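Accompanying notes for the structure given below.
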Amino acid sequence: MGRLIRPFSQSSMALAMLGLASLSAVCAATPATAADETAAPGRALSRCPAPADYASPLVEKLPKKGIRTFDRLERERPLAAHAPVPPGLRGAIRRVELPKGSRKLVALTLDLCEQTGEIAGYDGAIFDYLRRERVKATLFTGGKWMRSHEPRARQLIIDPLFEMANHGWAHRNLRLLTGTGLRDEIVGPQRAYEAVRADLLNDKGLAADQCLSPDASLRVPARIGLFRFPFGACNAAALDAVNDAGLLAIQWDLSTGDPSPTQSARAIADAMIRNAKPGSIIIAHANGRGFNTAAALPIAIPKLRALGFEFVTVSELLAAGRPVIAQSCYDSRPGDTDRYDALFALKPPRPAAPGTIPGAK
Ligand SMILES: [Zn+2]
């Protein structure tokens, strides 16, 4: 399988160098309505949002096809400094090996994929649940998605439960890209993140939003440190490009299968309960293409907690053990995501195999 296990001390030190601290901005207690935030992102709020104010209508979950407003690439901008990922952490991280006898940590990851020619959804019921039950998650977010959902992106960036991560600019297959196209797909989300982050901070680098604590700027990282390949597909050149851009490549060892409309909430929950191991990285979707995910999490998460599992961000999981690293990207078997080459080399994309949704990984 080509997996390598790296020494704990080496990886922890490198993680610290990469600045992968989890977000921990603080909201004040005075509530505001979600409508306030949605209507005017960037202006000061008359009161700060409480968890209940974040609830979203079901219609916000539905992807909208045929909208190209956000297709253009993010403007070039000087980006926060970074160092390439060091040798011990290069490759595709699938899970984390935890020290014997340690806490049963797992990382729930949610992809917010958005391709060109669409505005993907925001599955608010998932985030309502995670906030209500205080479940941490890592959000692999498309750069385009951040721009087309900027009020939601702001909410997620300042929420200490969530770690922001990079899922490409427009969910392109990085195996098919080279040169500037490859770089823009990798760097685009960092540009979008920095633009949104800058809007959260004033010119002194302090929180401009009254709902952030005064030192929130110290705890909203300048850089995203984690990347997930769209479709879970990479090759050696794409892996190198991601690692050279200072991003750890985070894949998964537990697939919920939630992009399939035929995967019931019970089946998603069963996949999580049956397959979770200490150190697992779980993949699901929150862009409206995890069809039954919002119903599955309230089944799976209480059960997993009862079994002793604890949900942490990917960076927290990495800091607790040794990453298990493969030299290729795949879902359950090496090579199984290569099929997306044929599917997405063509315009328009052909339908995927029955029961799957193109672009959902
Ligand atoms: Zn995706």
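Assorted remarks:
- By the beta-carbon count within 10 Å of each Cβ, the least crowded to most crowded order of Asp240, Asp184, fewest first, is Asp240, Asp184.
- For the listed residue pairs Lys136/Lys277; Lys100/Lys277; Lys65/Lys136, the alpha carbons are over 24 angstrom apart in Lys65/Lys136.
- Full-stretch length increase - Asp203, Lys303 - with 0.36 nm per residue and alpha-carbon distance subtracted: 31.4 nm
- Ranking of Cys48, Cys234 by neighbouring Cβ atoms within 10 Å, starting from the fewest: Cys48, Cys234.
- Cα shape, segment 90-209, gyration tensor, a/c 1.5 rule: oblate
- By the count of other C-beta atoms within 10 Å, a proxy for reagent exposure, Glu310, Glu150 are ordered fewest to most as Glu310, Glu150.
- At most 10 other Cβ within 10 Å, DSSP loop - trypsin sites (Lys or Arg not before Pro), segment 93-133: Lys100
Every read-out reported here was derived from the displayed coordinates using simple, explicitly stated rules and does not represent laboratory data. Remember, it's a predicted structure, so these values are computed and weren't measured experimentally. Counting neighbours? That spans all protein chains shown, and the Cβs are built from the backbone with ideal geometry, glycine included.
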